[in-house]
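The values are calculated or read from the model by the stated rules, or taken from the named source; none is laboratory data. Keep in mind the model is a prediction, meaning the values are calculated, not measured. Here the Cβ positions follow ideal geometry from the backbone for every residue, glycine too, while neighbour counts run over all protein chains shown.
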Amino acid sequence: MILKDILDKLNNTMSSLPVPIQAVMKIAGIVVVSFIIIKLGSIIITKLLHKQSLFKYGIHSKKINTILSLSISVFKYTIYLIAGIIILSDVLGLKSILAAAGVGGIAVGLGAQSLIKDVISGFFIVLEDQYSVDDLVTIGEMTGTVEDLGLRVTRLRNFNGDLYIIPNGEISRVTNHTRGNKAVIVDIPVSYNADMEKTVEAANKVCKAVNEEFYEVITDLAKVIGITTLDRGGMTLRVMAKTLANEQWGVERRIRVLVKEEFDRADIKFF
């Protein structure tokens with residue numbers, strides 16, 4: 001009874017206002033309710049995905065985040081569409097237009113072809129597992145970590161912290177740097193005056209130390225490949241290894257530090 005009285009009072013108050021103000025207030029109410037539904041729906045979807053069968057079937061956490069991102073995006077745009085239809089038909093009184101042209105015709109008339117292209121491309125990106133949230137990718141000339149894969153756009157964050165927002169329909173070429181093992185290549189410039197046996201021995205010590213320190217991420221043990229180039233100033237000794245994705249940079253930096261320390265100890269000159 002109390003709720004009914006409140007609603008009656010609100011209706012009476014609204015009916016006493018000018019029609020344009022009524023329309024504005026109704027639109028504002030629909031927008032607020034839509035955002036509340038999207039917020040609550042996102043929370044429910046998140047809890048459902050993390051509690052239900054996704055973990056039971058062993059889906060990788062990145063894949064879960066991608067499915068979650070896309071599901072929330074689909075839900076969000078569905079609510080936007082419903083809210084838009086309600087505003088057009090009930091608030092602005094365009095029922096006859098909607099009935100004559102159809103929602104699809106209005107969408108196309110408003111230039112939604114690009115939106116449809118983005119949505120279809122987004123579904124194929126997920127279906128083909130081209131990349132997932134947290135993957136390091138290059139899209140066109142932009143490189144960064146995937147922060148969000150939505151129904152319409154992909155968001156990349158580069159190493160400088162810049163955020164790229166890319167419509168899915170514009171993505172034609174993707175390089176995924178996260179899939180598969182990664183090569184570590186360190187070229188060491190060595191003077192011609194250096195003793196080769198002593199130099200290789202020092203490099204082998206570095207490889208052994210790195211293999212022991214990074215045994216959890218190294219998939220192909222670090223080893224000395226040999227001399228790769230002979231330059232005017234000296235020769236280049238190459239060390240190689242393979243690591244899990246996104247671990248190669250840490251291993252490479254460590255090799256360089258250990259090479260400097262070991263070569264200084266053995267009095268091996270660089271060029």
Residue check, Ala194 in contact with a strand residue (DSSP E or B) (Cβ under 8 Å, 6 or more places away or on another chain) and surrounded by 16 or more Cβ atoms within 10 Å (Cβ to Cβ): no
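Within the range 1-94, considering only helices (runs of 4 or more DSSP H) that don't extend past its boundaries, which have at least 3 residues that are at pLDDT 65 or above and of a type in the set (A, V, I, L, M)? If you could, list the steps in order and put the result at the bottom.
Values: elements: 2-15, 19-51, 53-56, 61-86.
Counting at least 3 such residues, we get 19-51, 61-86.
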Residue pairs meeting the criteria (Cβ under 9 Å; at least 6 apart or on separate chains; first in contact (Cβ under 8 Å) with a residue 12 or more places away in the chain, in the range 259-271; second basic (Lys, Arg)): Glu262/Lys205; Phe263/Lys269; Ala266/Lys198; Ala266/Lys205; Ile268/Lys198; Phe270/Lys260
Residue within the range 234-254 that is within 23 Å of Leu136 (Cβ to Cβ), of a type in the set (Gly, Ala, Ser) and assigned to a loop (DSSP other than H, G, I, E, B) present: yes
Test: Glu216 is in a loop (DSSP other than H, G, I, E, B), free of Cβ contacts under 8 Å to residues at least 40 places away in the same chain and closer than 28 Å to Thr178 by Cα: yes
Counted residues, the range 119-166 - those being part of a strand (DSSP E or B), within 18 Å of Phe75 (Cα to Cα) and either among the small types (Gly, Ala, Ser) or over 12 Å from the mean Cα position of the chain (by Cα) (or both): 0
